[in-house]
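Heads up: the structure comes next, in structure tokens.
Readers should treat all values here as calculations from the given coordinates under stated rules, not as data from a laboratory. Computed from a predicted model, the values in this text were never measured in an experiment. Using ideal geometry, Cβ is built from the backbone for each residue, glycine included, and neighbour counts are taken over all protein chains shown.
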Amino acid sequence: MSDRFAGKVAIVTGAGKGMGKATAFRMAREGAKVVVSDIDEKAFAEVQAQMDKEKLACKTVYCDVAKLDSVTKMVQTTMDAYGRIDILVNNAGLLLPGTIEETTDKIIDDTLDINVKGVLYAIRAVAPIMKKQQYGRIINVASITGKNGDNSTVFVYGASKGAVISLTRSVARQLGPYGITCNGIAPHAVMTAMMHYWDEEKKKSIADKIPVRRLGTEEDMASLMCYLASDETGFINGETININGGYYMD
């Protein structure tokens, strides 16, 4: 375990489980004070209990990223507890399988509210804090679907992740002069709870099409997000990095 995040304060949204949880634990074990936010109170209570057991610095906060008041409260709670915010990981997201015809108005609204507005709200809330510090690392979770489209998820999902890729570039341009970088990751075939609709046959079929011949893990994602959140990446800005074993390259 290194101490590359010693003295840093990180917010990770959607960190009650999956890649957000893996990232939060990795950062905490490497010295960060981590604010774990989620809408699943049972899940983040379990995260808090494990963090406490390991004597890691952690604070859990209920946050529905689709609601501005909730995001504002998350950021204020972090400032009240730690006095600064160095890292923001926008990991919370919604992914549903379905066809165009099955994509209801509610699915469109919920997907855009969580996957796009939630990212915008959080970045807008931390921007003045990071500007004052003259330092910040923002990491957004996009998707291969935002670059290449998809035929299994509802079509608004790829649209939402394409928006995340675009806003990552906009934020990088506007905040770069203040010592703040903004980057994204574009995963594919990562076995989180969101991928419950893939049966074993589907998993094998997809893995066979990936050059490294395996599916992604939550730890794979955490490794990249922690790298982008570190001081080692001060000259990487506005990038959305593919992490898919070579399935899609651009």
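Dipole check for the range 145-250: with +1 at the C-beta of Lys and Arg, -1 at the C-beta of Asp and Glu, and the Cα centre as origin, the magnitude is about 300 Debye. With 31 Å as the limit on Cα-Cα distance, the pairs of LYS53/LYS131; LYS73/LYS202; LYS21/LYS161; LYS67/LYS202 that go past it are LYS53/LYS131; LYS73/LYS202; LYS67/LYS202. The Kirkwood hydrodynamic radius of the range 15-93, based on inverse pair distances between different Cα atoms, is 12.5 Å. Taking the square roots of five times each eigenvalue of the Cα gyration tensor of the range 36-174, the equivalent ellipsoid has semi-axes of 28, 19, 13 Å, listed largest first.
Each residue of the range 100-109 was assigned a 3J(HN,Hα) from its phi angle through the Karplus expression (A = 6.51, B = -1.76, C = 1.60, θ = phi - 60°), giving 4, 5, 7, 7, 6, 4, 5, 4, 4, 5 Hz with x at Gly and Pro.
Our coupling estimate for the range 178-186, obtained by passing each phi through the Karplus curve with A = 6.51, B = -1.76, C = 1.60 and θ = phi - 60°, is 9, x, 10, 10, 9, 9, x, 10, 10 Hz, Gly and Pro reported as x.
Find how much the distance from GLU46 to ASP231 grows on full extension, using 0.36 nm per residue of separation minus their present alpha carbon separation; answer in nm with one decimal.
Taking GLU46 through ASP231 to full extension adds about 63.6 nm, to one decimal.
Amide H contacts under 5 Å for GLY184: ASN140, GLU239, THR240, ILE241, restricted to partners 5 or more places along the chain or on a different chain, H placed in the peptide plane at 1.01 Å from N. For LYS203, a cut-off of 19 angstrom between C-alpha atoms picks up these aspartates and glutamates, skipping any fewer than 8 places away in its own chain: ASP150, GLU218, GLU219, ASP220.
Determine Rg/Rh for the range 91-136; Rg is computed over alpha-carbon atoms and Rh is the Kirkwood hydrodynamic estimate from the same atoms. Please report the intermediate quantities before stating the final value.
Working: Rg = 15.1 Å, Rh = 12.4 Å.
Checking Rg against Rh, the ratio lands at 1.22.
Taking a sphere under 14 Å around the Cβ of MET19 and counting the other residues whose Cβ falls inside, with K and R at +1 and D and E at -1, yields a net charge of -1. Once amide H atoms are built 1.01 Å from N in the peptide plane, which residues 5 or more positions from VAL154, or in another chain, come under 5 Å H to H? Correct list: LEU96, GLY98. Estimated from helical segments only, the mean residue ellipticity of the chain at 222 nm is -14000 deg cm²/dmol, where each DSSP H run of four or more residues counts as -39500 (n - 2.57). Phi angles across the range 70-76 convert, under the Karplus curve 6.51 cos²θ - 1.76 cosθ + 1.60 with θ = phi - 60°, into 3J(HN,Hα) values of 5, 5, 4, 5, 4, 5, 5 Hz, Gly and Pro given as x.
Spin-label model, VAL212 to ALA57: label points 7 Å out along the Cα-to-beta-carbon direction sit 3.1 nm apart. Note that the range 109-248 carries a Kirkwood radius of 15.8 Å, evaluated over its alpha carbons pair by pair. Summarising the label geometry, the points placed 7 Å from Cα in the beta-carbon direction at ARG173 and ASN148 lie 2.7 nm from one another.
How big is the antiparallel share of DSSP beta bridges in the range 135-250, given as a percent to the nearest 5? Present the calculation step by step, with values, prior to reporting the outcome.
Working: 0 of 11 bridges.
Restricted to the range 135-250, the bridges split so that about 0 percent are antiparallel.
Taking 15 Å as the straight-line reach from the Cα of LYS147, the aspartates and glutamates in range (excluding those fewer than 8 positions away in the same chain) are GLU239, ASP250. Each Lys and Arg Cβ is given +1 and each Asp and Glu Cβ -1; about its Cα centre, the chain then shows a dipole of about 760 debye.
Rule-of-thumb check for the chain: C-alpha Rg over 2.2 N^0.38 Å? Display every interim value, and only then the final one.
Details: Rg = 17.2 Å, N = 250, 2.2 N^0.38 = 17.9 Å.
Ratio of Rg to 2.2 N^0.38 Å for the chain: 0.96.
When each of the peptides 157-166, 55-64, 227-236 is scored by how many other beta carbons lie within 10 Å of its residues on average, the order from highest to lowest is 157-166, 55-64, 227-236.
How much length is gained on full extension from GLN134 to ASP80, taking 0.36 nm per residue of separation minus their Cα-Cα distance?
On the way: separation 54, 0.36 × 54 = 19.44 nm, distance 1.94 nm.
Result for the pair: 17.5 nm of gain on full extension.
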